[in-house]
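What follows is a single structure, written as structure tokens, with notes after it.
Please treat every number below as a calculation from the coordinates, not as lab data. This is a predicted model, so every value here is computed, not measured. Please note: Cβ atoms are built from the backbone with ideal geometry, for glycine as well, and neighbour counts cover all protein chains shown.
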């Protein structure tokens, strides 16, 4: 789809990659961006990017009733970017079960809730696209990010099912697999990081190019090439991190 003149909705738009998405969408010429977060007051800075085209809305993506209400507040959306996510560190034997459940509530069910609510909206508006922000650790788990990896892997599987389910509705579904990104959420991850702005720009280019799976930075591109060649070698490499 073309980004110019689209009407987009970005979850988790108050900071990091979400903020960068809103800025990149504005620069690409969208008609409107609905910027969402759990705390409406946290959207002041992103709304200031363009007070006429950025519409702040409050939602908790884990609450399906609130998500359904959101879909009535944003009835003209044809590009949904599921960016909201949380990250908990720790091994799969040590992370509290409640923390694992929370990862899935936001990262998996949050994206699923948004898709279920907005597929009818996007279809009614003539088709468009859904973007699910995943991670390279959806491909192969990193022990220190065990719960996050599992939730993103589940979301990858859901994304493939969603893609097949909406193919005849004129809706493209894009999975995005970034490597480490320079955000507050990833501050404790000791790798070279890509800027959120570069990730957002690469994703929008991927959408326009019709790429179903988008690897928006050098690390993720290199990892995917190596993973395709020998996924067990990458699993063993990540197991030592």
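Just to confirm the number: angle between the C-alpha axis of helix 196-209 and the first principal axis of the chain, 0 to 90 degrees, nearest 10?
70 degrees
Could you work out the pair-distance distribution P(r) of segment 7-239 from its alpha-carbon pairs, with 5 angstrom bin width and percents rounded to whole numbers?
Result returned by the calculation: 1, 7, 15, 20, 21, 18, 11, 6, 2, 0.
If R0 is 25 Å, what FRET efficiency do you get for residue 123 and residue 88 from their C-beta distance, rounded to 0.05? Walk me through the intermediate numbers first.
Details: r = 35 Å, r/R0 = 1.40.
Between residue 123 and residue 88 the formula returns 0.10.
Determine, from the Cβ-Cβ distance of residue 195 and residue 31 and an R0 of 35 Å, the FRET efficiency 1/(1 + (r/R0)^6), rounded to the nearest 0.05.
Efficiency for this residue pair is about 0.85.
Multiply the residue gap between residue 213 and residue 97 by 0.36 nm, knock off their C-alpha separation, and tell me the result in nm, one decimal place.
Computed gain between residue 213 and residue 97 is 38.7 nm.
In degrees from 0 to 90, rounded to the nearest 10, what is the angle of the helix 16-27 Cα long axis to the longest principal axis of the chain?
Its long axis makes an angle of about 40 degrees.
If you take the beta carbon distance between residue 63 and residue 41 as r and set R0 to 25 Å, what does 1/(1 + (r/R0)^6) give as a FRET efficiency, to the nearest 0.05?
Calculated transfer efficiency: 0.85.
Cβ neighbours within 10 Å, averaged per peptide: list 162-172, 83-93 in order, most packed at the top.
Ranked from most to least packed, the peptides come out as 83-93, 162-172.
To test your reading of the geometry: what angle, between 0 and 90 degrees and rounded to tens, separates the Cα axis of helix 110-124 from the longest principal axis of the chain?
40 degrees
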